[in-house]
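To keep things clear, I will list the structure first and then write my remarks on it.
The values are calculated or read from the model by the stated rules, or taken from the named source; none is laboratory data. A quick note: this is a predicted structure, and the numbers were derived from the prediction, not measured. Note that we place each Cβ from the backbone using ideal geometry, even for glycine, and neighbour counts take in every protein chain shown. Please note that ligands, DNA and RNA were not included when accessible areas were found on the heavy atoms of the full protein model with its side chains. Shrake-Rupley method; radii C 1.70, N 1.55, O 1.52, S 1.80 Å.
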Amino acid sequence: MSMFTEAEAKAILDKVIALSKADECIATLTGNREGNIRFARNSVSTSGVVNEVNLAVQVAFGKRSGIATTNSFDDTSLERVVRRAEELAQLAPENPEFMPAVEKQSYTATPTYVQATADIDPAFRAKVALDSIKPCKDDSLVAAGYLADNTGFIATANSRGNFGYQQLNNLDYTCTVRTADETGSGWVATNLADASKFDASKDIQTAIRKAKGSVDAKALEPGKYTVVLEPAAVSGLLMFMLMGFDARQADEGRSFLSKKGGGNRLGEKVFDERVNAFADPAHPDVPVLPWDMDGLPRGKHAIIENGVVKHLNYSRYWAKQQEREPIAMPGNIIMSGGDKSTEDMVKSTKRGILVTRTWYIRLVDPQTVLLTGLTRDGTFYIEDGEVKHPIKNFRFNESPIIMLNNIEELGRPERINAGAGVGGGPGIAMMVPAMKVRDFTFTSLSDAV
């Protein structure tokens, strides 16, 4: 069984807290059922369901802390895991940045659970594979993809009286389609909370169209081009920058938000005035847990407003050092956009490049967020508002800070991933728009399809 009710979870956590002899105790219970199906070369290769429930117990004696885990919940096992955590804490060195557990908090439930997703069964997964494979086989194409659906819960409690419980789920689907001679490649990805809104037979047409359209790609000289970046391409670049919205990194001179002479650039205009981003745990399209990993309640707040940096992430320790009120780390980031489609932005482009997605991205310089990476699965030349022909993939060297100051148009935002999903693990759920950007730097060609 991977799903405990709130009452069942609280009963276990209350036992754990009562067993601890440490100065403080934090217990976190997570459960997850992951169903999946994988296919390649137009055939299903693996499928299955994995159920797991895990308990993590963290205790502290002063500034010494220890953690132990278990997946057994009888009384003997619970006492054993608590004692093991206490043994480890007493052996650990003091942590000079130790922060005590949070006091009792109040959480507002967010819409992270959808019954249609929880109801996914093997027949649903098999149909997704069939809907992906059949149209490819009928068109002499080759499909390879993966579907994973997750349904679970997270419950947390501590010896100061705090308690939280939430159920959550999501669905992730990706599929790559290649031509039989492997000269053309297309790709599609979908991330949703509500499985009833997912139709693989429609999504696969995007990958098919791009695979057939990317055959016989021509070489184009590297250089600076106007680019139309689809949301998947945008997210690959922005993720690295958004991870830099950390106050401590900025204050210590380690990020692009560091101010010359010390301090950070909170309140300064850093991006084009059309750039707006915010966090909202209850956003209907990308809901996330109502608390962060420290147990602080999340709320809606601006991150970037009209190009101005409005929020930096302060850890509880760094907030104390800087005499600031700690704010929960956001679990999602929603970037505002416009109402134009990718096709609309292509039509308004005199000469440029359409990029389906970016991959194999590496950080070159953290203080400028200079990134290098490659285009993939459908890169096309645009001329006079039309996609003229496929082009060979490029390596790029570009900073999202520069990119967000070279915006020409913004498209409609789309949900890209749910990294902070089931189990409350690290990551950021995102909604980002397609973008039309000028002077994007491509440095060399790649023969990879």
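Contact annotation: residue pairs with Cβ atoms under 7 Å, 6 or more positions apart or on different chains, pairing a residue in segment 292-315 that is within 26 Å of I402 (Cβ to Cβ) with a partner that is of a type in the set (V, I, T), are I303/I333; I304/V275; G307/V270; G307/V275; V309/V270; K310/I303; K310/I304; H311/I303.
Looking at A7, A56, which is the one that is farther than 22 Å from D292 by Cβ, out of contact with any Gly (no Cβ under 8 Å at 6 or more places or on another chain), at pLDDT 95 or above and among the hydrophobic types (A, V, I, L, M, F, W, C)?
A7
Of all residues in segment 91-104, those satisfying the criterion of being open to solvent by 60 Å² or more (accessible area, probe 1.4 Å) and assigned to a loop (DSSP other than H, G, I, E, B) are P93, E94, N95, P96, E97, E103, K104. Please verify whether segment 163-176 includes one or more residues that are small (G, A, S), open to solvent by less than 60 Å² (accessible area, probe 1.4 Å) and at pLDDT 95 or above. Yes, there is a match, as at least one residue in segment 163-176 is small (G, A, S), open to solvent by less than 60 Å² (accessible area, probe 1.4 Å) and at pLDDT 95 or above.
Quick one: would you say I416 is among the β-branched types (V, I, T), part of a strand (DSSP E or B) and modelled with pLDDT under 95?
The answer is yes for I416.
Please tell me if G262 is surrounded by 15 or more Cβ atoms within 10 Å (Cβ to Cβ) and at positive phi. No: the conditions fail for G262.
Looking at segment 43-52, can you tell me whether even one residue there is acidic (D, E) and surrounded by fewer than 16 Cβ atoms within 10 Å (Cβ to Cβ)? Within segment 43-52, one or more residues are acidic (D, E) and surrounded by fewer than 16 Cβ atoms within 10 Å (Cβ to Cβ). Only one of the numbered conditions (1) out of contact with any Asp or Glu (no Cβ under 6 Å at 6 or more places or on another chain); (2) buried (at least 22 other Cβ atoms within 10 Å of the Cβ); (3) within 25 Å of A129 (Cβ to Cβ) is violated by V188, and that is (1). Within segment 53-72, can one find any residue that is of a type in the set (G, A, S), open to solvent by 50 Å² or more (accessible area, probe 1.4 Å) and in contact (Cβ under 8 Å) with a residue 40 or more places away in the chain? No: zero hits. Scanning segment 339-354 for residues that are assigned to a loop (DSSP other than H, G, I, E, B) and either crowded, with 21+ Cβ neighbours inside 10 Å or in contact with a Lys or Arg (Cβ under 9 Å, 6 or more places away or on another chain) (or both) turns up D339, S341, S348, T349. Here D280 meets the list (1) of a type outside the set (A, V, I, L, M); (2) open to solvent by less than 30 Å² (accessible area, probe 1.4 Å); (3) within 21 Å of the chain's Cα centre (by Cα); (4) under 30 Å from T375 (Cβ atoms) almost entirely, failing just condition (4).
Is there a residue in segment 110-128 that is under 30 Å from Y317 (Cβ atoms) and at pLDDT 95 or above? Yes, segment 110-128 contains at least one residue that is under 30 Å from Y317 (Cβ atoms) and at pLDDT 95 or above.
Here is the figure for segment 330-358: residues that are within 30 Å of S315 (Cα to Cα) and touching a helix residue (DSSP H, G or I) at 6+ places or on another chain (Cβ under 8 Å) total 2.
In this entry, A116 is excluded by the filter for residues that are small (G, A, S), in contact with a helix residue (DSSP H, G or I) (Cβ under 8 Å, 6 or more places away or on another chain) and either open to solvent by less than 20 Å² (accessible area, probe 1.4 Å) or free of Cβ contacts under 8 Å to residues at least 40 places away in the same chain (or both). Looking across segment 105-124 at every residue that is among the β-branched types (V, I, T) and in a loop (DSSP other than H, G, I, E, B), the one that is farthest from G299 (Cα to Cα) is identified as I120. In segment 202-219, is there at least one residue being crowded, with 18+ Cβ neighbours inside 10 Å, modelled with pLDDT under 95 and not in a loop (DSSP other than H, G, I, E, B)? No, because not a single residue in segment 202-219 is crowded, with 18+ Cβ neighbours inside 10 Å, modelled with pLDDT under 95 and not in a loop (DSSP other than H, G, I, E, B). Of all residues in segment 125-160, those satisfying the criterion of being surrounded by fewer than 19 Cβ atoms within 10 Å (Cβ to Cβ) and in a helix (DSSP H, G or I) are A126, K127, L130, D131, K134, P135, K137, D138. Here C25 fulfils each of the conditions (1) open to solvent by 50 Å² or more (accessible area, probe 1.4 Å); (2) in contact (Cβ under 8 Å) with a residue 40 or more places away in the chain; (3) within 19 Å of A155 (Cα to Cα) apart from (1). Taking the listed residues P290, P222, the one that is touching a strand residue (DSSP E or B) at 6+ places or on another chain (Cβ under 8 Å) and open to solvent by less than 20 Å² (accessible area, probe 1.4 Å) is P290, with no other qualifying. Of the residues screened, S196 is one that is open to solvent by 60 Å² or more (accessible area, probe 1.4 Å), assigned to a helix (DSSP H, G or I) and among the polar types (S, T, N, Q).
Candidates are the residues of segment 320-329 that are out of contact with any helix residue (DSSP H, G or I) (no Cβ under 9 Å at 6 or more places or on another chain) and not hydrophobic (A, V, I, L, M, F, W, C); the one that is least open to solvent (accessible area, probe 1.4 Å) is K320.
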